[in-house]
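Working notes for the structure below.
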Amino acid sequence: MAVLANNAYSQYANNRILTASPAELTLMLYEGAIKFCNIAIMAIENKDIEKAHTNIMKAQRIIEEFQLTLDFKYEIANDFNNVYNYLMQRLREANLTKDKEILEEVNTHLRVMRDTWKEVMKLAK
């Protein structure tokens, strides 16, 4: 029964991604980065270094994706790129030192960006 439930959830999650607008996908990526930082924080608390590393790397890949999709014909893209560079630097530092305070700082920035993105989505409707 658990396999069936997992399968149903997997199918739902895939459909959610496939039918999402670019704005919704961006929101999902912010939420994913926050989730991976939270998992890494818990892993550090539990002394699970491998799990912390894996989840910090997942958060880094999301930030890299944000950087790859910036359109530099808009001036604000440079500002976002600077923020993303800072977050990447902090994530690398957190991964080297397994410092959960750094991850909490990164999460604070990601939450602000996510919440701002939610407001932009509301205004765009």
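The values are calculated or read from the model by the stated rules, or taken from the named source; none is laboratory data. Here the structure is a predicted model, which is why all the values come from computation and not from measurement. With ideal geometry, Cβ positions are generated from the backbone for all residues, glycine too; neighbour counts draw on all protein chains shown. We work out accessible area using only protein heavy atoms, side chains counted, and drop any ligands, DNA or RNA first. Shrake-Rupley method; radii C 1.70, N 1.55, O 1.52, S 1.80 Å.
Results, tabulated for the structure shown:
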{"item": "Selection count where residues are closer than 21 Å to residue 28 by Cβ and open to solvent by 40 Å² or more (accessible area, probe 1.4 Å), scope the range 100-120", "result": "11"}
{"item": "Residues that are within 23 Å of residue 46 (Cβ to Cβ), more than 14 Å from the chain's Cα centre (by Cα) and touching a residue at least 40 places away in the same chain (Cβ under 8 Å), drawn from the range 100-125", "result": "100"}
{"item": "Search result, residues across the range 16-35 that are free of Cβ contacts under 8 Å to residues at least 40 places away in the same chain and among the polar types (S, T, N, Q)", "result": "19, 21"}
{"item": "Qualifying positions in the range 85-99 - in a helix (DSSP H, G or I) and either among the hydrophobic types (A, V, I, L, M, F, W, C) or surrounded by fewer than 19 Cβ atoms within 10 Å (Cβ to Cβ) (or both)", "result": "85, 86, 87, 88, 89, 90, 91, 92, 93, 94, 96, 97"}
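One line per residue, one yes/no per condition, for (1) closer than 13 Å to residue 110 by Cα; (2) open to solvent by 40 Å² or more (accessible area, probe 1.4 Å); (3) touching a residue at least 24 places away in the same chain (Cβ under 8 Å); (4) not in a helix (DSSP H, G or I):
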residue	(1), (2), (3), (4)
37	yes, no, yes, no
40	no, no, yes, no
44	no, no, yes, no
51	no, yes, no, no
55	no, no, no, no
61	no, yes, no, no
66	yes, no, yes, no
71	no, yes, no, yes
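To keep it simple, each residue is scored yes or no on (1) in contact with a His (Cβ under 8 Å, 6 or more places away or on another chain); (2) under 30 Å from residue 124 (Cα atoms); (3) modelled with pLDDT of 70 or more; (4) among the hydrophobic types (A, V, I, L, M, F, W, C).
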residue	(1), (2), (3), (4)
6	no, no, no, no
10	no, yes, no, no
17	no, yes, no, yes
22	no, yes, yes, no
32	no, yes, yes, no
39	no, no, yes, yes
46	no, no, yes, no
